C-alpha cells in the first residue's frame, strides 16, 4: 500500500524510498538550489485559456476571521483514493469553480459541474478513483453519519470516461498539477450544486508575503480527511531540481503536511487558495512545499492557475487536456548503487513506440554521459546520479525544443561484458497517456 506524499530528499513521490512521477524517478536534493530562470515561451493553449476564470473572493468577503476561513476552505477540500493494480494511493484535492459569462459580461451560474485540483503524481497511478467530498454538515468520510452520497467515483486510465462522476481533465507531470471534473448529474443521493462549496482562488494580483500566516488542509495517512495545520510562508520561490523533469519552483511553508495530503490546499488567512501541497523534506524539520498559484521568476508561469486553465481549455471530448510544447525523453530512469557504493543512473523503462524506443534504448542501460550543442559549442556531461542527470535535463529545457536531437552514451551488459554505445535521441511531444479514444 502506498500513501501518497512527496518526500523531497528522497523523491517527489512516496513509495518506500523511491517514487515515480509518470514512471520517472523524481529525486530532489534539499540542499541544492538551482538559480536562474528556466522554460520556454508559454504554450499555444494559453490563447484558449484566456476565457477560463476561477471563482475569487469579492473585496467585501475578505476578512481576517481564521475560523470562518477554515470552515469555508474545509468544505472545498476532498479526500482522494486511487485503487490501482500496484496498490492503494491516498491523496487530497481542492474543488474550484469556473466563472462563465454571457455576451454582455454577466456571470452565468454553472450547474452540476465543478473542477478538482490535485497532484499529477497521485492520479498518474491510474485505476479506480474515489473522491469523498465533505457533506452539507461539514462531515468527512469516516465520520459518524457522513452522507456517503457525497462520495463520487470514476476511472482514470488511458481512455475518456465521460459517463462517470469523476473524470480526468488533464495532467502535467512537469508542474505536478492535475485537474479532475466532478459532475453530480444523475446523482442518486440527491446532492445538489448548492451542496458543493468550491474554494475561492486568490486573485491574480495577490502577492504572497514572506512570513504571512497560511493553513493547509489534507488527509494524513489516508484516514484523517479534513485535517487542518497552520504555519507561515517560509520562502516564496524555492528552486528545486527533480530527475527527468528538471526545475520546480515551489512555495516553501511550515504548515505540517503528511502522507495522504498531497493535492490538498494551502490557504491564506482569508481562506483563498494560494497553493497545492505536494512535497516535504525527508530529513529536515518543518520543510514543506506547495505548487504556487503563479510563478514570475521563470520565463514560463508554472503556477497551478495557469497550468489548470490550459489543461481545462485544451480538453476535448476525445482527448485529455495538455500543455503544448512539453517534450519527453521517452525513458524513465532510476538511481542505483554499484558494488562500491557509487551511484549511477539506469534506464528503468522505455515508452513503446517513442523516439527513445526507436533510438534503441533498453531497460537496464546505464547512462554514462549526455552530449548536446549550446550556441555551437558541444558540451559533454558525465552522469553519476539523479542530481547530475536532473541538471542536464534542466539545461536541455532551456535550449532544446520538440524535434531537436542530442546524444546519450550508454553502456549495456551483453553476455558477460559491458559494451558502450552512442544513441541519438530526438525529443518528442510529451504524452499524458497513449490512447484517449472514447470508451
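The values are calculated or read from the model by the stated rules, or taken from the named source; none is laboratory data. Bear in mind the structure is a predicted one, so any value in this text is a computation, not a measurement. Note: ideal-geometry Cβ built from the backbone for every residue, glycine included; neighbour counts use all protein chains shown.
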Top-ranked residue in segment 271-294 [being assigned to a loop (DSSP other than H, G, I, E, B) and buried (at least 22 other Cβ atoms within 10 Å of the Cβ); ranked as farthest from the chain's Cα centre (by Cα)]: 271
Strands (runs of 3 or more DSSP E) wholly inside segment 169-263 that include at least 1 residues being without any contact (Cβ under 8 Å) to a residue 24 or more places away in the chain, in contact with a strand residue (DSSP E or B) (Cβ under 7 Å, 6 or more places away or on another chain) and surrounded by fewer than 19 Cβ atoms within 10 Å (Cβ to Cβ): 227-242
Residue check: is residue 319 modelled with pLDDT under 90, more than 24 Å from residue 215 (Cα to Cα) and either out of contact with any helix residue (DSSP H, G or I) (no Cβ under 7 Å at 6 or more places or on another chain) or not assigned by TED's automatic domain parsing to the domain that holds residue 96 (or both)? yes
Residue list for segment 48-87, restricted to those being part of a strand (DSSP E or B) and either out of contact with any strand residue (DSSP E or B) (no Cβ under 9 Å at 6 or more places or on another chain) or surrounded by fewer than 17 Cβ atoms within 10 Å (Cβ to Cβ) (or both): 83, 84, 87
